[in-house]
Each structure stands twice: as structure tokens, then as C-alpha cells.
Number of protein chains: 2
Amino acid sequence: MITQNKTTDTDNCNYICPVEATLDVIGGKWKPLILWQLKDDILRFNSLQQTLPGISPKMLTKQLRELEEDGIVKREMYPEIPPRVEYSLTDFGRTIIPVLEALAQWGIEYMDQKDTMK
Amino acid sequence: MITQNKTTDTDNCNYICPVEATLDVIGGKWKPLILWQLKDDILRFNSLQQTLPGISPKMLTKQLRELEEDGIVKREMYPEIPPRVEYSLTDFGRTIIPVLEALAQWGIEYMDQKDTMK
DNA sequence: CGGGATCCGACTTGATACTG
DNA sequence: CAGTATCAAGTCGGATCCCG
């Protein structure tokens, strides 16, 4: 984590628990949101930025590059004028959707729980 | 993360996607590890610290307090000399175990995948 | 349009020492 | 044993400007 995020390959290469490995990939402030947006759609850079309130282009680029390196996201560039770049999940990236949905499911229950506590 | 971790209650109170809510609770560098350790055991402060390589007492305290506030972890103090404090998951905390296991499962597959890519 | 480069502050985290 | 206090270091992320 979470970020806080990317454990480098040089420090202890095997994680204590594999949960860490997953959170290194999908954790952080923006990645879950990006993945959530790409779950059902292919999106361009600008569209992505608009769905993510307040993200700076720098951050968006950085997160997308990391997701790309991890084999989760595919970046397709069309050399037109003006340029167009589309982002989508790779097949491997799609394997994480159920995990995201499990997280979402629990999040919903958790928020309900917090509401009833008020 | 997951931290970079705790989204304050003041900024937009409803998340874009509930995945965020979950990662606010279990994300970050240490929390998944702590939860993983408490999954099957009740542990004392020192035992926890020993299973988490390199965590400082300050960090451990902080993470445990946050988990406690979120209703995930129970802190039980025995006023003995020397003092003894035991940490365990609450019933609500246990509901997150399947989510952790889903994360772990994917993490294992992800690490395999990365190995074969080398 | 889709970024890269640079700068900078705020917040997180770590190391170390100390205490009831 | 189970922390707190203090200080230093690191990281994250935003702002701004620029380019092909």
C-alpha cells in the first residue's frame, strides 16, 4: 500500500502473505477507481480523468503506467491528429474483477453498518 | 493505500465506488498483515510486533487503534503486572476474512504469473 | 489530446529513546 | 509488557508549465 504502494522487488522478494502482493497492484488512492471504471468500458485518457474527480494528469499517467507494467491494463495508441489513446483491461486484468467485486460488496455492508451505528 | 490511507470523513462522504471504503479499512502497508495474523489467533502486542518484520511500536499502535475504531479489532487489556493486552478480530472483523482470502488467492496467482514471465 | 518535467508542501512513516 | 514522545526521513500527490 496501499501505498505507500509499490514494494520494490529488491526488498524481501517473497511477501509474508500474498494479500500484500495483490494490494501492491490494486491498492492506493486511485487504482481501484481506475480499475472500477475500466471494468466495463474502454476509456480514453480524458474520459478517465473526468470520471475520477480531482486526479491530476500526472497521477493518472503514473497509475496507468504501473497498471500497464503489472499486466493489468492495456494501452492502445492511435497515431492520429489529435492523438487518441484508449485504456482497457487485459485478459489477465479481468481476473481481478471478482476480487474487486468482493471488496465492493464488503464495502457496501461496511457502510451500512456504520450508518446504523450513528 | 492501500494507504495514503484514511480518507477523512469530511471530504466527499460517499465514495465513488465502495471498493474505496473497504481499502480505507484494510489497505495500507501494515493492516492486511495485521489482519492476516489475527485471522486465526489472538495475539499480544509483542507477538504481533514479532510477526511483522520491522514495524515500529508506534506504527503498530496506530494501525491497531484505527482497526479498533473501525470495529474490526478488539483490544482486551488485563491489568496485571506486567501488563497484558490481547488483540483479536471482532465478529464484524471476521466478516472480512473471505475478502482477505480472495485477495490472497489472486496474489498467489499473480506471483505465479510473474514467475513464468521471467 | 495526451502526456512529460519540475517544484513543492503536507502527510506518513521510521528510528530511537524513554516510561508506567 | 505495552506502549508514548520526539525527531528525522521519506513518500504521495497536487500545481504549474511545457511539448509533440
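Where a number appears in this text, it was derived from the coordinates with a stated rule and is not lab data. Just so we're clear, the structure is a prediction, and the values are computed from it rather than from any experiment. Neighbour counts are summed over all protein chains in view; Cβ atoms, including those assigned to glycine, are modelled from backbone coordinates with ideal geometry.
Matching residues to (1) within 17 Å of A:CYS17 (Cα to Cα); (2) within 8 Å of DNA strand D (Cβ to nearest atom); (3) in a helix (DSSP H, G or I):
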site: B:LYS29; (1), (2), (3): yes, no, no
site: B:TRP36; (1), (2), (3): yes, no, yes
site: B:ASN46; (1), (2), (3): no, yes, yes
site: B:GLN50; (1), (2), (3): yes, no, yes
site: B:PRO53; (1), (2), (3): yes, no, no
site: B:MET59; (1), (2), (3): no, no, yes
site: B:ARG65; (1), (2), (3): no, yes, yes
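Tallying residues that are within 19 Å of B:PRO83 (Cα to Cα) and touching a Leu at 6+ places or on another chain (Cβ under 9 Å) within the stretch B:43-67 yields 5. Annotation: A:SER88 fulfils all but one of (1) more than 15 Å from DNA strand D (Cβ to nearest atom); (2) over 14 Å from A:LEU38 (Cβ atoms); the unmet one is (2). When B:LYS114 is tested against (1) in contact with a helix residue (DSSP H, G or I) (Cβ under 6 Å, 6 or more places away or on another chain); (2) basic (Lys, Arg); (3) within 9 Å of chain A (Cβ to nearest Cβ), just one condition goes unmet, and that condition is (1).
Yes/no per residue for (1) touching a Pro at 6+ places or on another chain (Cβ under 7 Å); (2) hydrophobic (A, V, I, L, M, F, W, C):
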| position | (1), (2) |
| --- | --- |
| B:LEU35 | no, yes |
| B:LYS39 | no, no |
| B:PHE45 | no, yes |
| B:GLN49 | yes, no |
| B:LYS58 | no, no |
| B:LYS62 | no, no |
| B:GLU66 | no, no |
| B:ASP70 | no, no |
| B:PRO79 | no, no |
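Can you pull out every residue in the stretch A:15-27 that is crowded, with 24+ Cβ neighbours inside 10 Å and part of a loop (DSSP other than H, G, I, E, B)? Once the filter is applied, which keeps residues that are crowded, with 24+ Cβ neighbours inside 10 Å and part of a loop (DSSP other than H, G, I, E, B), the stretch A:15-27 yields only A:GLY27.
Scanning the stretch B:82-95 for residues that are more than 15 Å from B:ASP41 (Cα to Cα) and either under 19 Å from the mean Cα position of the chain (by Cα) or part of a helix (DSSP H, G or I) (or both) yields a count of 2.
The one condition from (1) part of a helix (DSSP H, G or I); (2) under 17 Å from A:ILE42 (Cβ atoms) that A:GLN105 does not meet is (2).
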